[in-house]
1. Can you confirm whether residue 98 is under 29 Å from residue 248 (Cα atoms), touching a helix residue (DSSP H, G or I) at 6+ places or on another chain (Cβ under 6 Å) and basic (Lys, Arg)?
2. So in the stretch 37-55, with the set limited to residues that are farther than 26 Å from residue 95 by Cβ and of a type in the set (A, V, I, L, M), which one is surrounded by the most Cβ atoms within 10 Å (Cβ to Cβ)?
3. Of these, 36, 60, 9, 80, which one is over 28 Å from residue 239 (Cβ atoms) and β-branched (Val, Ile, Thr)?
4. Need pairs with beta-carbon distance below 6 Å; first residue among the hydrophobic types (A, V, I, L, M, F, W, C) and within the stretch 262-291, second within 12 Å of the ligand (Cβ to nearest atom) and not in a helix (DSSP H, G or I); sequence gap 6+ or separate chains.
5. Checking residue 179 against (1) aliphatic (A, V, I, L, M); (2) in contact (Cβ under 8 Å) with a residue 24 or more places away in the chain; (3) not in a loop (DSSP other than H, G, I, E, B): exactly one of these is not met. Which one?
6. Within the stretch 232-278, how many residues turn out to be surrounded by fewer than 18 Cβ atoms within 10 Å (Cβ to Cβ), among the small types (Gly, Ala, Ser) and within 20 Å of residue 213 (Cβ to Cβ)?
7. Please determine, by comparing only the residues of the stretch 164-176 that are in contact (Cβ under 8 Å) with a residue 12 or more places away in the chain and away from the ligand (no atom under 16 Å from the Cβ), which one is surrounded by the fewest Cβ atoms within 10 Å (Cβ to Cβ).
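Quick note: the coordinates plus some simple rules give every number you see, no bench work behind them. As the structure is a prediction and not an experimental result, all values here were calculated from the model. For neighbour counting, all protein chains shown are included, and Cβ atoms are generated from backbone atoms with ideal geometry for every residue, glycine included.
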Amino acid sequence: MTAKSDRIVLAYSGGLDTSVAIGWLSQQTGKEIVAVAVDVGQDGEDMDVIRERALSCGAVEAVVVDAKDEFAEDYCLPAVRANALYMDRYPNVSALSRPLIVKHLVEAARYHGASTVSHGCTGKGNDQVRFEVGTSALAPELKVIAPVRDYAWTREKAIVWAEEHDLPIEVNKKSPYSIDQNVWGRAVETGFLEDIWNGPIEDLYDYTQNPATPREADEVVITFEAGAPVAIDGKPVTMLQAIEQMNKRAGAQGIGRLDMVEDRLVGIKSREIYEAPGAIALITAHQELESITIERELSRYKKSVDQRWTELVYDGLWFSPLKRALDAFINESQIHVSGDIRMTLHAGRAVPTGRRSHASLYDFNLATYDEGDTFDQSQAKGFIELWGMSSVLANKRDEKLAGE
Ligand code: ARG
């Protein structure tokens, strides 16, 4: 048997680049390749087919990890609690999956005695950073090879290699898009989308129907406990089931489509089309429930924590002290985020129409303008005088100085 340190663990997707990487990496380095495919609900090809393909391409071992529940519970749920929308829009679909894939790569590398891990990212994107910063945080002893980046592989070269070596992959030469998808959503880029004046075409979408198509609205009630969705229309769900069910129902109403130019962490702006129906529906409901269960000062402060958390995750710092500390803050903020949100799903939008919670801070008797008002309006006058005192003084001073 070859010495165990002669192995490379490769993050394997089943696609062209990583299939070619198996033979190419072992030829270049003389090491054996262990292919690890992590199932985060990408919902494409059968994972057994992907496993077999890795072996046919020359991997000595091929492992498929079913990480769907783990992804939902440990990565998507914290994102709901943080209302994670990068640049106020993108629910961090790819960014959330990378630390989980890294965790499984590192576990596999240790189990199989590999000295190196490998991924198929290019040198221009965010994902290379997420893979490598994550890997060195968890296992600083591991080396990383990125064949597409480090050896300037192109799609054309990969196609030639695949044909010459008779690899069992269908090369879809026509698809001009780069797609990444998981249960939290789907990202599509490149091709004609690189001209940011070109509008997206219906063909790009897979998780969502066209929001402009006339159809009946759908009404849903989502129940949360401590910031986690636990039931839909009264039926208990796991986090994974909540996402899957909302992907179907919100997707059928065209909810969660995004067309945006985003700030990549490598400094460039890039255009991406996203669809994340379940993520957008769940975050919308969660934000609505926070609005009645979180006290004002905590709520205002949490907005900046949410944004920072989201940027850290986008920027590949999942395994970092600040991210961990913000997790603790966010978890503490969620203890009362329990209750029901009713939403109408229609024409591309999830619109909250009702909210109730045993932990609600909304007090009907304080808010009402009708009979039963318990708010003592006579106290408002004095409050306003003191509240405005500092600006009144400053304005008086400014006027006086301007007149001198
Ligand atoms: N821009 C997104 C991110 O950095 C998605 C990256 C992967 N996108 C793709 N179409 N392959 O999180």
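1. Taking the combined requirement at face value, the residue satisfies it.
2. 55
3. After ruling out the rest, the residue left standing is 60.
4. Pairs that qualify, where the first residue is among the hydrophobic types (A, V, I, L, M, F, W, C) and the partner is within 12 Å of the ligand (Cβ to nearest atom) and not in a helix (DSSP H, G or I), are 265/126; 265/315; 273/188; 276/91; 276/185; 279/91; 279/184; 279/185.
5. That leaves (2) as the condition not met.
6. Going through the stretch 232-278 one residue at a time, the tally reaches 1.
7. Selected residue: 173.
Results for (1) under 21 Å from residue 89 (Cβ atoms); (2) near the ligand (Cβ under 10 Å from one of its atoms), shown as yes or no for each residue.
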residue	(1), (2)
153	no, no
156	no, no
162	no, no
179	yes, yes
182	yes, no
189	yes, yes
